[in-house]
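No value in this document is a laboratory result; all are computed from the given coordinates. None of the values given here were measured: they were computed from a predicted structure. Please note: Cβ atoms are built from the backbone with ideal geometry, for glycine as well, and neighbour counts cover all protein chains shown.
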Amino acid sequence: MRMRLLLTAGLAVLVSSPGAAGALQPMRLREHVQAPSVFVAPPRPLPRFRMRWAHGPRLRGLAATTTRFAGGRAVVGLADPTDAAAVARAFRVSPVYVNRGLRALEVAGDQGSLQALAASVGADARIRYVEPVRRRETFHKRNDPLTTTVDPTTHLPFEWQFSHVGLDSALNVDRGSPAIVVGVIDTGWGQVPDLSGKVVASWYFTGQATDPFDTLGHGTFVSSLVGALNDDGQGMAGFCGSCKLDIVKDIGLTSYSVATAIRTLADAGVRVINMSFGGPGMSLMEKDALDYAIGKGVLLVASAGNDGGPVNYPAAYLQPDGGAAGYGLAVGASDATDHPAPWSSWGSHLSLLAPGTFASAPLCNVGVFGALPPVASLFDGDCSTKFTDATTGARYGYSDGTSFAAPEAAGIAALVWAAHPELLNYEVAEILTHTATRAAGAGWSPTQGWGVVNAKTAVELATGKSTVDGVVIGEPRFEGRVEGGGSASATADVTYQDGAAVASGSATCTASVGDRKLTATEQKLDAGVVRCAWDVPAALGGRQLVAHVDVQDAETGAKASRDFEADVLDAKAPEAKALRASGRYGARLTLRFRVSEETGTARRLVRVYRKTKAILSSSGDLAAVDSAALRSLAWTAPRRAARGPYKFCVWAWDRSGNESDPSCAKISLR
């Protein structure tokens, strides 16, 4: 059996070191900007949310200010951050870091000094609270081939959780948005193929690290679940579609560093912050940071915990008692049968579940599937199955834990927000809880929350569209002009609703011009393109071709059809032929001529000239013509006094406006 991984006090040595005694400095986050920059659409701030700074007396039930201060450290909430140095001097403690935005000061001192500082809460107006520095632990438990390639152990796709929560269907109608950014606070991120181009910015604490990159593996695994590239033909697929990521590397995971990271991400404009960590007891500095982010409109998502007891903090702060509406989500772990994992934390502060394990107990060869960096020390030493892509060199593995349930919910929240960017944070949370999978008629429960998150139903509610996998035929395009006497060829793109090309299938192409049906010479669907072609008889020029195509996907059986049309050009002009005429002056003559037109319809003009002057003009409307028939016009010749020479000329036009050359013939009079 594989143990659920936890980041514990063994990593305490990685916490940034304080400056010289008495030196007051901020705990600095250094940004590692990715290129190119992208447009970030921040959430809407809550219109009626008022920031209420935490005070010790108001939160005695959440923060113990009389316990021992582990490591000789404490966090002091200040009414005014400019009082930081004065407070430190007054209570004979050494300032370590100051966070002016959150009005908080981390100090070091002996137990007596720290206890005296804690006792001043309520008596010294400069001090809002005093609390221990709390440690947090990580709860580590499409044409993207790993969403469909079957693992012979489970007989399910390696990334089984992707389709299990209906994400493959949700992406049919909602591809996500690169303007929606999800913040991740974790152990950094790996420069792996699945995260290529997805990270818009990343941060690290200068006292902890020299870069934002991940060598533990937890942060890369979490980030890949949120935002791995979709439909890139390799690896796995993330839950947020085309969203982007903003990642804070925090390997210390103290209440102070976590609070600093939360505020930094909120100010950066992220929509969602994922926190795959937690611990017992509420930190007042974290509470201020969470409230700050909530007021900015951010949706907060946190792991419930892996100890099988009450939901840990900060997740417990996000979900009010009994499943009431809140500004965030506390996410527990479910297995492949939608049952809660027996080790997943539960209770009155649980929002919902998401896949966090495959079976009721963690196993070495199955679990939740995610990406790993080249060096992943939290994973490399355990028994979990690891995979390496022979083409890209990318690494993947199985693991378990609510750490990996939370980013799935965070990614789906980003997908919902992409469909309706105007939603407020609590409205997105309500969509996920109301659409979660649960037994018919069931409501909220302390073991399952509102049920297992369901991307399919969440996106359907957000968009009002069905996510059933459908086929779409794009706008047909005719290749060149459609002319009578030639061929009409048309193509159209055929995709699934999510834009992926339909690889193969069948096609039926029909067309007609008037009541004349055309014979198809080509009708096929291949590599995402349907092709239709027909022979068009010359007689149909100048009219409209009406076409219809039906396609059926070979893989899913999904069908689609589309009507389209084109004007059939008549490129050939009609022909006119005047025949020589003779008669007597003053007598009635018959002027004979022929008109031929392949479409069978034309109009004509006949003019009689004496010398160069037209003395008669006769025209007719469009009418049926027979190329073999002899046509005639009666004309009375002038008296002998009006001498010639005389001639008549004939013109013809078809329905497309093509004009024949004139044909003239001599009129002999005697």
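For residue 243, enumerate residues with amide H under 5 Å from its amide H, sequence gap 5+ or separate chain, H modeled in the peptide plane.
So residue 243 has HN proximity to 177.
Going by amide H atoms built from the backbone, whose H comes under 5 Å of the H on residue 353, apart from near neighbours?
For residue 353, whose amide H was placed from the backbone, the distant partners under 5 Å are 332, 450, 451, 452, 453.
Cβ neighbours within 10 Å, averaged per peptide: list 532-544, 584-596 in order, most packed at the top. Intermediate values should be presented prior to the final figure.
Values: 532-544: 19.8, 584-596: 16.4.
In decreasing order of mean packing, 532-544, 584-596 become 532-544, 584-596.
Distance in nm between label sites at residue 388 and residue 434, each 7 Å beyond Cα in the beta-carbon direction?
5.0
Net charge near residue 490, counting Lys/Arg +1 and Asp/Glu -1 over other residues with Cβ under 9 Å of its Cβ? Write down the numbers at each step before the final one.
Numbers: positive: 477, 531; negative: 479.
Local net charge: +1.
Please list, or write none, the lysines whose alpha carbon is within less than 29 Å of the alpha carbon of residue 613, excluding same-chain residues fewer than 8 places away.
577, 647, 666
Once amide H atoms are built 1.01 Å from N in the peptide plane, which residues 5 or more positions from residue 482, or in another chain, come under 5 Å H to H?
Close amide H contacts, sequence-distant or interchain: 569.
Output wanted: per-residue J couplings in Hz (rounded whole) for region 642-647, from phi through Karplus 6.51 cos²θ - 1.76 cosθ + 1.60, θ = phi - 60°, x for Gly and Pro.
Along region 642-647, the couplings run 8, 7, x, x, 10, 7 Hz.
Could I have the simple spin-label model distance between residue 100 and residue 664, label points 7 Å from Cα toward Cβ, reported in nm to one decimal?
Reported label-point gap for residue 100 and residue 664 is 9.7 nm.
Expected output is a single nm value to one decimal: the length gained when fully extending between residue 504 and residue 619, i.e. 0.36 nm times separation in residues minus the C-alpha distance. What is it? It would help to have the intermediate numbers written out before the result.
Numbers: separation 115, 0.36 × 115 = 41.40 nm, distance 5.64 nm.
So the chain would gain 35.8 nm between residue 504 and residue 619.
Pull up the DSSP beta bridges for the chain and report the antiparallel fraction as a percent, rounded to 5. If you can, show how the numbers build up before the last one.
Details: 112 of 146 bridges.
Roughly 75 percent of the beta bridges in the chain run antiparallel, per DSSP.
Once you list every other residue whose beta carbon is under 11 Å from the beta carbon of residue 291, what net charge do they have if Lys and Arg are +1 and Asp and Glu are -1? Please list the in-between numbers first.
Values: positive: 50, 52, 263, 287, 296; negative: 286, 288.
With Lys, Arg at +1 and Asp, Glu at -1, the neighbours total +3.
If each DSSP helix of 4+ residues adds -39,500 (n - 2.57) and the sum is divided by the residues in the chain, what number results at 222 nm, nearest 500 deg cm²/dmol? Intermediate results must be reported in sequence, preceding the final value.
Numbers: 12 runs with 105 residues, N = 670.
After summing the helix terms and dividing by the residues of the chain, the value is -4500 deg cm²/dmol.
Report ³J(HN,Hα) in whole Hz for each residue of region 384-395, in order, from the Karplus equation J = 6.51 cos²θ - 1.76 cosθ + 1.60 where θ = phi - 60°; Gly and Pro get x.
Values, residue by residue: 4, 6, 10, 10, 10, 6, 5, 8, 9, x, 5, 10 Hz.
Per residue, how big is the convex hull around the C-alpha atoms of the chain? Give it to me in cubic angstrom, could you?
Values: hull volume 142.7 nm³, N = 670.
Enclosed volume per residue, from the Cα hull, is 213 Å³.
Could you tell me the calculated FRET efficiency between residue 196 and residue 628, based on Cβ-Cβ distance and R0 = 60 angstrom, to the nearest 0.05?
On the way: r = 72 Å, r/R0 = 1.20.
That pair, residue 196 with residue 628, gives E of 0.25.
In whole Hz, what ³J(HN,Hα) sequence does region 259-272 give by Karplus (6.51, -1.76, 1.60; θ = phi - 60°), x for Gly and Pro?
Computed from phi, the couplings for region 259-272 are 4, 4, 5, 4, 5, 4, 5, 4, 5, 7, x, 5, 8, 10 Hz.
Any of 198/287; 386/465; 198/559; 456/559; 287/386; 465/524 with alpha carbons more than 32 Å apart? Name them for me.
Working: 198/287 29 Å; 386/465 38 Å; 198/559 34 Å; 456/559 21 Å; 287/386 38 Å; 465/524 29 Å.
Where the Cα-Cα span goes over 32 Å, the pairs concerned are 386/465; 198/559; 287/386.
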